[in-house]
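Reviewing the structure listed below.
Bear in mind that the values in this text are calculations on the coordinates, not laboratory data. Only a predicted model underlies this, so the values are computations on that prediction, with no experimental measurement involved. Glycine also receives a Cβ, built like all others from the backbone with ideal geometry; neighbour counts cover every protein chain displayed.
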Amino acid sequence: MANKKGTTQKSSNIQTKAIIAAVSVLVVVVVALLFLNQQGQTPAQQSAQGKDNLAYPSLSQIKAEMIDSISSVRTYQMQITGNMSLEIPQTTQSVKYRVTVNFADDLVSKDAYIGIDAVMSGLWGLRETQEAEVEMYIINGTEVYKKTSDSANGEIWLKAPMNSYTTQYDLPAVQYGPTSTKHLMKKMINATFQADWWRVAGVDTIGGEEAYRLEFVGDTKQILKDVMSQSLMSQISTDPSMGMAPGAVGVKVMLDVIDKMTIKANVTVWVRKSDYLPIKGSGTIYITLNLDQLYGTSGAGQVTATISIGATISYNQPVNIQLPEEAKGAIDVYSLYQTQLAGNTTTNTTV
């Protein structure tokens, strides 16, 4: 009897670990889906212009105009809202995540702002609700950001030279063109709007202006598999320390997990008729992972995830990016760390 109880308990533990592992993989897959447009082109790129409504310009025409219109962008502001929920079987766990992102970029002055508010609830081993806030500015070549997790100093503002942002904004013109940010935007449009992924479905009125409605029609699972394979294999080939064998095993495991998933994506993007700039996007992604199929068990149930995202973008409107008063005395991050190592107190320096 004791043996049966022990076996049952062991099986339960294995199932719990399997569920947690499956959810972890699921989150990785979700992130990959959400950032799909940054991964570049996939091998499955075949012409499918017949999917377009013949009453409107073809997708290839709209994409070409979009890429050309980016050259006229001086400023842009974007707001993104996202919600994600995970339902985990055989538990009362329901993980929910809400995020709001505000972004402003002046391509002339090269000043930028990003603000992120996120709330997560129901995560294992943590208190019921976790909140995170990010506020960051790029002013005159300096990155200034708020740090809220410093238990000793409370909420503090730090500053540092742009470093990696210098790479983003000041890449050599001979390689990337005179304005690298615009180059990256064009590259993203070219990679995202593949002929067999979208169709031109109609015209809607968005904010009082007519816009072409582009609907996603791609094979989400196949695209994801292509992107994951390409990304992971690229990492293996460029990072010898990973080794080919472990990397190949990782790719196979990930692809096996994706094969066990049911994925459905409803995504729409609106492109303004007057200047061919994308001004709005919305989408919902539904993912179901059958744990019995994945682990060869019985009665483990399935993990489900629902992700919804909305985005609005405005262009060439005045952007006033200024540091708040409390950030003007930001501490130089390198001086702070050196001082902490030496065991001394810190002093503020004006940006």
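Exceedance of the 19 Å cut-off in Cα-Cα distance is limited, within the set Lys110/Lys147; Lys186/Lys280; Lys225/Lys280; Lys63/Lys264; Lys159/Lys186, to Lys110/Lys147; Lys225/Lys280; Lys63/Lys264; Lys159/Lys186.
The residues neighbouring Lys225, those whose beta-carbon lies less than 10 Å from its own, together hold a net charge of -2 under the Lys/Arg +1, Asp/Glu -1 convention. Summarising the amide proton neighbourhood of Asp332: residues at separation of 5 or more, or on other chains, whose placed amide H is nearer than 5 Å comprise Lys159, Thr349. Potential lengthening of the chain between Glu210 and Val108 amounts to 33.9 nm, from the contour at 0.36 nm per residue minus the alpha-carbon distance. Here each label is just a point 7 Å from Cα along the line to Cβ, and for Lys252 and Ile321 those points are 4.7 nm apart.
For the pair Gln130 and Thr100, label points projected 7 Å from Cα toward Cβ lie 2.1 nm apart. Between Asn83 and Asp68, the simple spin-label model (points 7 angstrom out along Cα→Cβ) gives 4.0 nm.
Among residues other than Glu325 with Cβ under 15 Å from its Cβ, the summed charge is 0 (Lys and Arg +1, Asp and Glu -1). Across q = 0.16, 0.20, 0.22, 0.29 Å⁻¹, region 274-321 modelled as identical point scatterers on its alpha-carbon atoms has Debye log10 I(q)/I(0) values of -0.65, -0.79, -0.86, -1.02, in the order of the q list.
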